[in-house]
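Here the structure comes first, spelled out in structure tokens, and everything after it is commentary.
The values are calculated or read from the model by the stated rules, or taken from the named source; none is laboratory data. Because the structure is predicted, anything quoted here is derived from the model rather than measured. All Cβ positions, even for glycine, are placed from backbone atoms using ideal geometry, and neighbour counts span all protein chains on display. Side chains are part of the model used for accessible areas, which takes the heavy atoms of the whole protein and leaves out ligands, DNA and RNA. Shrake-Rupley method; radii C 1.70, N 1.55, O 1.52, S 1.80 Å.
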Amino acid sequence: WAILLVIVFHYYGILIGDGVFPAQEDTSLGVLISRAGNTGVTLFFVLSGFLLTLPFVRAIRGGEHISIRRFYSARLLRIIPLYYAAILVAWLSTENSTSALKALLFIPVGFDIYPFSVSWWSLCTEVQFYLLLPWLMLALHYPHGRWLVAAGITVWLILHCIHLLHPQWLGLPPGSKSSLFGRGVAFLFGGLAS
């Protein structure tokens, strides 16, 4: 269901609606389903956070060693080859070197290399989670580390709340409700659920 919601959302938003959804008053079933497409991505993030955190939690409970090297190797081999091949195709097709270089470094490029870069923002969010997860789990092995992780999550949540209440502090326009950390919070909830 989640993948179908994402497909319908993109199909409607890009191909039919030309990037614009009908007014909020339009409550036809098709429009409601297409607007719900964002929930599919959030579900994938929560599920990924849960599945990636679970082996670390089992290791902590069993007193086993956490292999950060093995975790990073698996993530790199899973993402980098295909992602970099996609960036190469996008760069050869658009000749947009600046955005291609940003994309190589997992810096969000939005629609700069359209249509290739439409979904790349999610990889940027995933990579942030991948970079933090092993170190958070390693810190949980130690009593002082647990306090450090709790303090870090608390600061992160406070900054997130401040941003939602006052987005101008990052130079965003008034009324902006964008998330300071994108949908990375979904990974956190998935990890906490494990």
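Numbers below:
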read-out: Filter result for the condition that a residue is modelled with pLDDT of 85 or more, among the aliphatic types (A, V, I, L, M) and open to solvent by 30 Å² or more (accessible area, probe 1.4 Å), over Ala150, Ala86, Ala90; value: Ala86
read-out: Evaluation of Ala59 against (1) of a type in the set (A, V, I, L, M, F, W, C); (2) modelled with pLDDT of 90 or more; (3) open to solvent by less than 80 Å² (accessible area, probe 1.4 Å) (one fails), failing number; value: (2)
read-out: Qualifying residue in region 71-78 (condition: under 21 Å from Phe129 (Cα atoms) and either of a type in the set (Ser, Thr, Tyr) or over 19 Å from the mean Cα position of the chain (by Cα) (or both)); value: yes
read-out: Long-range neighbours under 7 Å by Cβ, at least six apart or interchain, first residue without any contact (Cβ under 8 Å) to a residue 60 or more places away in the chain and under 15 Å from Trp121 (Cα atoms) within region 73-102, second hydrophobic (A, V, I, L, M, F, W, C) and open to solvent by 80 Å² or more (accessible area, probe 1.4 Å); value: Ala100/Trp91
read-out: Number of positions in region 119-144 that are more than 22 Å from Arg75 (Cβ to Cβ) and either acidic (Asp, Glu) or part of a helix (DSSP H, G or I) (or both); value: 2
